[in-house]
Structure formats: structure tokens, C-alpha cells
Amino acid sequence: DGGITQSPKYLFRKEGQNVTLSCEQNLNHDAMYWYRQDPGQGLRLIYYSQIVNDFQKGDIAEGYSVSREKKESFPLTVTSAQKNPTAFYLCASTGTGSNYGYTFGSGTRLTVV
Amino acid sequence: SQQGEEDPQALSIQEGENATMNCSYKTSINNLQWYRQNSGRGLVHLILIRSNEREKHSGRLRVTLDTSKKSSSLLITASRAADTASYFCATPVGNTPLVFGKGTRLSVIA
């Protein structure tokens, strides 16, 4: 079955540590996205990529980094520069053009310990 | 950069009743999309309505779009306990990714 897989489901980060969240899709989608969701809030865009080897900053990119070396994969690194990383992180993908819905992964819940 | 804003923030109804959620947005759009999110899960795409459409149906869902008022509504008919979730509207702003509202939390009581 085609879909988008995020791992791990839960992640704990110590102060000053970098952690990487995985996002893989087998939908042959060109575009991929990372959103952050805080409790009771909507989604805020961190980074997005519309083609391999290219990506753009979203509204809250500071303290995060991404790579897009393969069409299927769009990992997100939460760096030590991100001072308040505890949140629910959602990865999504879609086909080319704006008239397509997004397919979301099941999310990664990151907690600072 | 907030584009869509849902109303009400929370809604509680009895099973079998209809649920109506509204979304207002600020700028011109190509389309408007509705998503559902069960607690602790990812979002699921429900329906996309294009700017030249006024109404769209999918099963028990009915979406309307009024571009003159920059608003949309999502109606869920004959609601079930399984419809309990948060519902978000989202629009692409130009060629940028989807911008989501804060959502409406729907509780359907059996």
C-alpha cells in the first residue's frame, strides 16, 4: 500500500542534543513538507521541498534543518538551536500542482527531557 | 501567516445530529481543503473544493464555498461517535504550501 511513514513515533531529546526525524513516502510525490503542531493549535510550516536537492524555509525554520537527497525521503533535524522543540511533528507529501490534497504521516511526538 | 480560521473552536453534539463548521480566509484562493485529525494522529484529507465550485459532496460531508464572503462551511450529517476529531480548513496561498487554521474540535456524544 502506498503511504507516508514517519519514525520514530515518540522521541526524547536531551538539552543540547540534535535529533533527526525520518519521513519516507512511496507515493511518487514530488513535494514534501514538515509541519509542527503545538497542543490545541494548528499546523505551522517548518520546511518544504518541491523537488529533489531543493528545499525552502517555512514560517518557523529557525533551529531546524532538512535534506532532500532522494525523492522518497525528507528527514528533519531538530538542532540544539531550537529552544522549544517539544511538539508534534507532521510530515506530508503531495503531487505537483496546488489542486491536490496532502497525504500525512502519523506524526512524531518529540519531548525534551 | 494565518489564512484560514475555523469557527467555532469547539462543538459538542449528540449522535445523529448534524455538525456545521465554518472557515473564513483572507486572500484569493485556488482551492480550499478540509482535513480531519483524530487525537494524536496525522491529518486525513477529506475534501477539496476549487474556487470555481460552490458546493461539493462526499458521503455524509457537504462543503460549500462562498468566494465573495471568503468563507467555507463543512457540514457532517447524521454524525457518529467516530466523527469525534478536530477539523481543519487549509488553503494554498499562491504557489506556497497549505496554510492551516487552528481547527474546530468536534465531540459527538453517543
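The values are calculated or read from the model by the stated rules, or taken from the named source; none is laboratory data. The shown structure was predicted, so the numbers you read here are calculated from the model rather than taken from an experiment. Cβ placement follows ideal geometry from the backbone for every residue including glycine, while neighbour counts extend to all protein chains displayed.
At a glance:
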| quantity | calculated |
| --- | --- |
| Qualifying residue in the range B:92-105 (condition: within 25 Å of A:THR96 (Cα to Cα), touching an Asp or Glu at 6+ places or on another chain (Cβ under 7 Å), part of a loop (DSSP other than H, G, I, E, B) and in contact (Cβ under 8 Å) with a residue 24 or more places away in the chain) | yes |
| Selection count, the range A:86-113, where residues are over 15 Å from A:SER22 (Cβ atoms), facing chain B (nearest Cβ under 8 Å) and assigned to a loop (DSSP other than H, G, I, E, B) | 5 |
| Residue in the range A:13-23 that is assigned to a strand (DSSP E or B), more than 14 Å from every other protein chain (Cβ to nearest Cβ), basic (Lys, Arg) and crowded, with 17+ Cβ neighbours inside 10 Å present | yes |
| Long-range neighbours under 9 Å by Cβ, at least six apart or interchain, first residue in contact (Cβ under 8 Å) with a residue 12 or more places away in the chain within the range B:67-85, second hydrophobic (A, V, I, L, M, F, W, C) and assigned to a loop (DSSP other than H, G, I, E, B) | B:THR67/B:ILE29; B:LYS70/B:ILE29; B:ARG80/B:ALA110; B:ALA81/B:ALA110 |
| Unmet criterion (only one of (1) within 20 Å of A:GLY42 (Cα to Cα); (2) more than 10 Å from chain A (Cβ to nearest Cβ)) for B:VAL44 | (2) |
| Filter pass, A:GLY2 being modelled with pLDDT under 95, assigned to a loop (DSSP other than H, G, I, E, B), at the interface with chain B (Cβ under 10 Å from one of its Cβ atoms) and surrounded by fewer than 22 Cβ atoms within 10 Å (Cβ to Cβ) | no |
| Residues of the range A:61-108 satisfying the condition of being of a type in the set (A, V, I, L, M) and modelled with pLDDT of 95 or more | A:ALA61, A:VAL66, A:LEU76, A:VAL78, A:ALA87, A:LEU90, A:ALA92 |
| Some residue of the range A:36-45 being within 11 Å of chain B (Cβ to nearest Cβ), in a strand (DSSP E or B), under 10 Å from the mean Cα position of the chain (by Cα) and among the hydrophobic types (A, V, I, L, M, F, W, C) | yes |
| When residues of the range B:10-40 are limited to those that are modelled with pLDDT of 95 or more and outside any strand (DSSP E or B), the one farthest from B:SER79 (Cα to Cα) | B:ASN38 |
| Tabulated pairs, the range A:90-110, first touching a residue at least 24 places away in the same chain (Cβ under 8 Å) and at negative phi, second part of a loop (DSSP other than H, G, I, E, B) and β-branched (Val, Ile, Thr), C-beta under 7 angstrom, 6+ apart or interchain | A:LEU110/A:THR86 |
| Selection from the range B:58-110 of residues that are among the polar types (S, T, N, Q) and closer than 17 Å to B:ASN38 by Cα | B:SER79, B:THR84, B:SER86, B:THR104, B:SER107 |
| Residue selected from the range B:87-100 under the condition crowded, with 22+ Cβ neighbours inside 10 Å and under 19 Å from B:SER24 (Cβ atoms), by the criterion farthest from the other protein chains (Cβ to nearest Cβ) | B:TYR87 |
| Within the range A:62-85, considering residues that are closer than 19 Å to A:PRO39 by Cα and surrounded by 14 or more Cβ atoms within 10 Å (Cβ to Cβ), the one farthest from the other protein chains (Cβ to nearest Cβ) | A:GLN82 |
